[in-house]
1. Being exposed (fewer than 14 other Cβ atoms within 10 Å of the Cβ) and part of a loop (DSSP other than H, G, I, E, B) is the filter here; which residues of region 93-113 pass it?
2. Within region 78-92, how many residues are open to solvent by less than 50 Å² (accessible area, probe 1.4 Å), among the aliphatic types (A, V, I, L, M) and not in a strand (DSSP E or B)?
3. If we scan region 61-71, do we find a residue that is closer than 22 Å to Asp6 by Cα and either in contact (Cβ under 8 Å) with a residue 60 or more places away in the chain or surrounded by 13 or more Cβ atoms within 10 Å (Cβ to Cβ) (or both)?
4. Where residues in region 37-59 are of a type in the set (S, T, N, Q) and within 13 Å of the chain's Cα centre (by Cα), which of them is nearest to Lys113 (Cα to Cα)?
5. Select from region 114-123 the residues that are part of a loop (DSSP other than H, G, I, E, B) and open to solvent by 20 Å² or more (accessible area, probe 1.4 Å) and list them in ascending order.
6. Just to be sure I understand, how many residues within region 18-38 are open to solvent by 30 Å² or more (accessible area, probe 1.4 Å) and either at positive phi or polar (S, T, N, Q) (or both)?
7. Take Ile49 and decide whether it is of a type in the set (Val, Ile, Thr), open to solvent by 30 Å² or more (accessible area, probe 1.4 Å) and modelled with pLDDT of 95 or more.
8. Please verify whether Arg57 is of a type in the set (Lys, Arg) and touching a helix residue (DSSP H, G or I) at 6+ places or on another chain (Cβ under 6 Å), treating the condition exactly as stated.
Amino acid sequence: MKTSKDYVVDANSVVQRMSAEDAVKHHGDGSTLFLDVRDSSEIAESGTIKGALCVNRGILEFAADEKTPYFKKELKKAGRIFVLCAAGGRAALAGKTLQEMGYSNVFNIGGFKQWQAAGGDVQ
């Protein structure tokens, strides 16, 4: 029987990790989508990355599937996507899901606090 930790370890083994410091260098480059998968209440409390697409982890599969009415056109299968959450676990799970759905250039950049500590723009 798998635990939540097992799922995160598995996801981290297939989703490339990037430090917040390195991710900040790509912010605003026009070719990177920042995807925040935290709950809306978390985002309302702390803010998010300036210009990020916010999609709750619980509906990601629907937002990433162009065949559903919930599809987010900002998500591009060949585009570079940097995923974050509060600490990195949900970002890893979301990244693995996106890869399984055909998104080929997905990175886990960890948590929002790391983004802030690295000097990243917030809104």
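The values are calculated or read from the model by the stated rules, or taken from the named source; none is laboratory data. Given the structure is predicted, the values throughout are model-derived calculations rather than measurements. Cβ placement follows ideal geometry from the backbone for every residue including glycine, while neighbour counts extend to all protein chains displayed. SASA here: full protein model, heavy atoms, side chains in, ligands and nucleic acids out. Shrake-Rupley method; radii C 1.70, N 1.55, O 1.52, S 1.80 Å.
1. Narrowing region 93-113 to residues exposed (fewer than 14 other Cβ atoms within 10 Å of the Cβ): 100, 102, 104, 113.
Listed by number, the residues that qualify are Gly102, Ser104.
2. Taking region 78-92 first, the residues open to solvent by less than 50 Å² (accessible area, probe 1.4 Å) are 79, 81-86, 88-89, 91-92.
When the remaining residues are screened for being among the aliphatic types (A, V, I, L, M), the result is 81, 83-84, 86, 91-92.
Subset that is not in a strand (DSSP E or B): 86, 91-92.
Summing the residues that are open to solvent by less than 50 Å² (accessible area, probe 1.4 Å), among the aliphatic types (A, V, I, L, M) and not in a strand (DSSP E or B) in region 78-92 gives 3.
3. Here is the first cut: in region 61-71, the residues closer than 22 Å to Asp6 by Cα are 61.
From what's left, either in contact (Cβ under 8 Å) with a residue 60 or more places away in the chain or surrounded by 13 or more Cβ atoms within 10 Å (Cβ to Cβ) (or both): 61.
Among the residues of region 61-71, at least one is closer than 22 Å to Asp6 by Cα and either in contact (Cβ under 8 Å) with a residue 60 or more places away in the chain or surrounded by 13 or more Cβ atoms within 10 Å (Cβ to Cβ) (or both), which makes the answer yes.
4. Just the residues of region 37-59 that are of a type in the set (S, T, N, Q), to begin with: 40-41, 46, 48, 56.
When the remaining residues are screened for being within 13 Å of the chain's Cα centre (by Cα), the result is 48, 56.
On the way: Thr48: 10, Asn56: 18 Å.
Only one residue tops the list, namely Thr48.
5. Narrowing region 114-123 to residues part of a loop (DSSP other than H, G, I, E, B): 118-121, 123.
Once the filter is applied, which keeps residues that are part of a loop (DSSP other than H, G, I, E, B) and open to solvent by 20 Å² or more (accessible area, probe 1.4 Å), region 114-123 yields Ala118, Gly119, Asp121, Gln123.
6. Qualifying residue count for the region: 4.
7. no
8. Numbers: of a type in the set (Lys, Arg): yes; touching a helix residue (DSSP H, G or I) at 6+ places or on another chain (Cβ under 6 Å): yes.
Criteria met by Arg57.
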